[in-house]
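Student: Structure incoming, see below.
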Amino acid sequence: MLVLAKAVLSIMLGFSVSVVFGYFAIKWLKKKHIRQQVSNTLGERHKKKNGTPTTGGIIFIIPTVLIMIALVLTGKVEFSTNLFIVLFVFIAYAIFGYIDDYLIIKRHTNDGLSIFWKLVLQIIVALVFFYMFLSSGNEPIVDIHTLGIKLDLGWLYGMFLLFVLVGSSNAVNITDGLDGLAGGLSAIAFFAFGLITWGANWASGNEAIAIFCFVLVGSLVGFLVYNCYPAKIFMGDTGSLSLGAALASVAIITNHEVTLIIVAGVFVIETLSVIIQWIAISKFHTKVFLMAPLHHHFEKLGWSETDVVRMFWSVGLLLSMVAIGFGVWI
């Protein structure tokens, strides 16, 4: 019962702070004219979203970080290197995303950080992650318990960290295309990983990381108050990159990289749809989907935005329930 109480209180705390913070954040972003530039390729439905405030990821990032700091300082949560790693990755990718959003707004185009600088910054984060991960007593091992696979990657583990961080952060970024879609899916994914992490006793600071997940779930639900259709604010790269990277870091620390693929199944499918479409067009001069990512394909079929979001949330919830059973019960 103590676990349930802590989880519920963490969610309530995150929700309450983010809802209040979001109200003032939206006013401030409007005053500073920090607004979204919507691509003309998305059709008439999305043109009306032009001018909606962006960088709304701060609505769940800042409350989550401040709440975790407060919980650590008051002794409610035990500080550990692994918790620091998760917070470091979360904040670092939020900063990358904010820089990207800022450049897009300043230039009035969709050109933010160059691919080169994105890669350089993400390599730096992966190296810091790798160093802290090893210095805290963790081993550079990919352990897939169910399949009985245990791989000691040595220094190559740094490359593995980079691959998972980049893949996960960009998958959430690709999915962030409809009101409430990425935010809702992320809330479901972090709730699943909160439960899974609480049972990962082999990982130092697992309970503190689980509480981080639950606080973030509450903050995301608070953000959805303003982000569900019709959205009053978008999370931007500030939010999407930080969410994907944080989810990846929790999965890596708890040795649940395979479980991440299940929990983030919708994000994975969205990313695959973009890759498949790119290959089909560049190599075979044809299209597999009416438009990629996949959520735009359903829009082109005539589905309403809210119907697409509800379906994707349902699939994400189903996959997360499977992952919880796989990662905790079975």
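Student: With angles folded into 0 to 90 degrees, how steeply does helix 305-324 sit against the dominant principal axis of the chain? Use alpha carbons for both and round to 10.
Tutor: Helix 305-324 sits roughly 20 degrees off the main axis of the chain.
Student: Between S304 and K106, what length comes free when the chain is fully extended (0.36 nm per residue of separation minus the Cα-Cα distance, one decimal in nm)?
Tutor: Net length gain for the segment: 68.1 nm.
Student: Who wins for biggest fluctuation among I99, I196, I149 in a Gaussian network model of the chain, springs between alpha carbons below 10 Å?
Tutor: I149
Student: Once both labels are modelled 7 Å past Cα along the beta-carbon direction, what's the I124-L156 spacing in nm?
Tutor: 2.8 nm
Student: Do the sum for the chain: with -39,500 (n - 2.57) for every DSSP H run of n ≥ 4, divided by all residues, what is the mean residue ellipticity at 222 nm, to the nearest 500 deg cm²/dmol?
Tutor: -23500 deg cm²/dmol
Student: Here's another thing I want to ask about it. Take each of the peptides 216-222, 299-305, average the number of other beta-carbon atoms within 10 Å over its residues, and list them starting from the highest.
Tutor: Packing order, densest peptide first, comes out as 216-222, 299-305.
Student: Let me ask something additional. When only Cα pairs under 8 Å and 6 or more residues apart are kept, what is the percent relative contact order across the chain?
Tutor: 26 percent
Student: Same structure, new question: Kindly express, to the nearest 10 degrees and within the range 0 to 90, the angle between helix 157-175's C-alpha long axis and the longest C-alpha principal axis of the chain.
Tutor: It is inclined by approximately 40 degrees.
Student: Size of the dipole of the range 83-150 about the Cα centre, Lys and Arg at +1 and Asp and Glu at -1 on the beta carbon, nothing else charged, in debye to 20?
Tutor: 120 debye
Student: Just to be sure I understand: if I project the alpha-carbon convex hull of the range 63-161 onto a plane and average over all orientations, what area do I get in nm²?
Tutor: Dividing the Cα hull surface by four gives the mean projection, 9.0 nm².
Student: In debye, nearest 20, what is the charge dipole magnitude of the range 230-330 about its Cα centre with +1 on Lys and Arg Cβ and -1 on Asp and Glu Cβ, if you could check?
Tutor: That gives the range 230-330 a dipole magnitude of about 180 debye.
Student: Next question, about the same structure. Treat the chain as a sphere of radius equal to its Kirkwood radius over Cα pairs and apply Stokes-Einstein at 20 °C in a medium of 1.002 mPa s; give the translational diffusion coefficient in µm²/s, rounded to a whole number.
Tutor: 107 µm²/s
Student: Using each residue's phi in the range 109-124, evaluate 6.51 cos²θ - 1.76 cosθ + 1.60 at θ = phi - 60° and report the 3J(HN,Hα) Karplus result to the nearest Hz, with x for Gly and Pro.
Tutor: For the range 109-124, the Karplus curve yields 9, 9, 9, x, 5, 6, 4, 4, 5, 4, 5, 4, 5, 6, 5, 4 Hz.
Student: Relative to the longest principal axis of the chain, what angle (0 to 90°, nearest 10) does the C-alpha long axis of helix 181-198 take?
Tutor: That works out to roughly 10 degrees.
Student: Enumerate the amide H contacts of G56 below 5 Å, restricted to partners 5 or more residues apart or on another chain; note that Pro and chain-start residues carry no placed amide H.
Tutor: F234, M235, G236
Student: Spin-label point model (7 Å from Cα, Cβ direction): what's the F163 to S135 distance in nm?
Tutor: 2.6 nm
Student: Sorting check: for 11-21, 67-77, 246-256, 120-130, which peptide has the highest mean count of neighbouring beta carbons within 10 Å, and how do the rest follow?
Tutor: Highest mean packing first, the order is 246-256, 11-21, 120-130, 67-77.
Student: From the phi of every residue in the range 279-286, what ³J(HN,Hα) in whole Hz does the Karplus formula 6.51 cos²θ - 1.76 cosθ + 1.60 yield, where θ is phi - 60° and glycine or proline is x?
Tutor: 5, 4, 6, 6, 9, 10, 6, 9
Student: For the range 1-139, calculate the relative contact order in percent as a whole number, restricting contacts to Cα pairs under 8 Å that are 6 or more residues apart.
Tutor: 21 percent
Just so you know, all these numbers are worked out from the coordinates, no wet-lab data involved. The shown structure was predicted, so the numbers you read here are calculated from the model rather than taken from an experiment. Here Cβ is always computed from backbone atoms with ideal geometry, including for glycine, and neighbour counts include all displayed protein chains.
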